[in-house]
Amino acid sequence: MYTDYENSLNILTAGIPFNEVTFRMTNGKILKRGNHCIAVPDEKAQTATVTATQIKNGVVRQLAEYRYTVKALPDPTPYILCTDENGRTVQYRGNVPINKRLVSNMTQLGASISDGPKANYEISSFEMVLIKGSSKAVTSIPNTGNKFSARQMELIRQLEKGDKFYITSIVVTGPGNKKKQIASINVVLI
């Protein structure tokens, strides 16, 4: 179970109508949405216990108790969206050689968790850093949002083999409206 995240729980109550079941949770809150439960642990929780009970004819009966370990969501991995020669949108995650045509078709940044929950992240800001191969001149252009600016795209299109290109200072807004800086992307141009 993850903090600052709506954890979907599939709790089966065989033979008991779901609307007759009540749920309690320690170190967080639990919500019923249709026939599902959503558990949201407190930010500093390390464990959580969900208890399912039935009240029928004034008699309270505990049906089940589930104990969970609670941890922080893993950091998302940033990627750059590009359009390939077939018109498909592909994700480039860096550190792998990429051709100039694909680099010129970069449009925006995104971030996601590769293994784990499907949490939504939005890129709030990033910085593009270019180092020219021959002169070692450094150009740094900050940006808000997830799309490359016209100035950034102009410089990207002027890249040559041997130039170094990084996306750094990537800040995302994630579940719970929390902002955090995540890993950089090293673009390897061939």
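Each reported figure results from applying straightforward, stated rules to the coordinates on display, with no laboratory input. Predicted model only: the values in this text are computed from it and were never measured. Positions of Cβ are generated from backbone atoms using ideal geometry, with glycine treated the same way; all protein chains shown enter the neighbour counts.
Quick one: Karplus J couplings for segment 87-95, per residue in order, coefficients 6.51, -1.76, 1.60, θ = phi - 60°, nearest Hz, x for Gly and Pro?
Karplus-based 3J(HN,Hα) across segment 87-95 equals x, 8, 7, 10, 9, 10, 9, x, 6 Hz.
Can you list the HN-Hα couplings for segment 51-66, worked out from phi with the Karplus curve (6.51, -1.76, 1.60; θ = phi - 60°), rounded to whole Hz and with x for Gly and Pro?
Running phi through 6.51 cos²θ - 1.76 cosθ + 1.60 with θ = phi - 60° gives 10, 10, 10, 10, 10, 9, 6, x, 9, 9, 10, 6, 8, 7, 9, 10 Hz.
Based on the alpha-carbon gyration tensor of the chain and its eigenvalue square roots a ≥ b ≥ c, which shape applies: rounded if a/c is under 1.5, prolate if not and a/b is larger than b/c, or oblate?
Prolate, since a/c reaches 1.5 and a/b exceeds b/c.
With a cap of 13 neighbouring Cβ atoms within 10 Å, and only residues DSSP puts in a loop, list the GluC sites (Glu not before Pro) found in segment 1-78.
E43
Round to the nearest 0.05 the FRET efficiency obtained for I190 and T144 when R0 = 30 Å and r is the Cβ-Cβ distance.
Efficiency, from the Cβ-Cβ distance: 0.50.
Can you give the extra length, in nm with one decimal, that the chain gains between T47 and T22 once fully stretched, where that is 0.36 nm per residue apart less the Cα-Cα distance?
Going from the current span to full extension adds 7.0 nm.
Which length gain, in nm to one decimal place, applies between S124 and V171 when the Cα-Cα distance is subtracted from 0.36 nm times their residue separation?
Taking S124 through V171 to full extension adds about 16.4 nm, to one decimal.
For segment 49-145, what is the convex hull (Cα atoms) projected area averaged across all directions, in square nanometres?
11.7
What nm distance separates the two modelled labels at L31 and V60, each placed 7 Å from Cα along Cα→Cβ?
Label at L31, label at V60, 2.5 nm between them.
With a Förster radius of 41 Å, plug the Cβ-Cβ distance of R101 and N10 into 1/(1 + (r/R0)^6) and report the FRET value to the nearest 0.05.
Once the sixth-power term is evaluated, E becomes 0.35.
Return the aspartates and glutamates within reach of K180: Cα separation strictly under 17 angstrom, same-chain partners fewer than 8 residues apart disregarded; answer none if there are no such residues.
Counting by Cα, and skipping residues close in sequence, K180 has these aspartates and glutamates nearby: D4, E43, D75, E122, E127.
Taking loop as defined by DSSP and a crowding limit of 16 other beta carbons within 10 Å, which trypsin sites (Lys or Arg not before Pro) in segment 45-89 fit?
Here the sparse-neighbourhood loop sites are R88.
Enumerate the lysines that K179 could reach by cross-link, defined here as Cα to Cα under 19 Å, with residues fewer than 8 away along the same chain left out.
K44, K71, K118, K147
What value does segment 7-69 have for Rg/Rh, both radii from Cα atoms and Rh as Kirkwood defines it?
0.98
How far is it, in nm, from the label point at K178 to the one at N86 when both lie 7 Å from their Cα along the line to the Cβ?
Placing both labels 7 Å beyond Cα along the Cβ direction yields 3.9 nm.
Can you list the HN-Hα couplings for segment 15-28, worked out from phi with the Karplus curve (6.51, -1.76, 1.60; θ = phi - 60°), rounded to whole Hz and with x for Gly and Pro?
Once θ is set to phi - 60°, the couplings for segment 15-28 become x, 10, x, 4, 6, 8, 9, 10, 10, 10, 9, 8, 6, x Hz.
For segment 122-162, restrict the atom set to alpha-carbon positions and state the Rg and Dmax in Å.
11.2, 35
PRE reach from S112 (point 7 Å along Cα→Cβ): which of segment 69-85 fall under 11 Å by backbone N?
Answer for segment 69-85: 77, 79.
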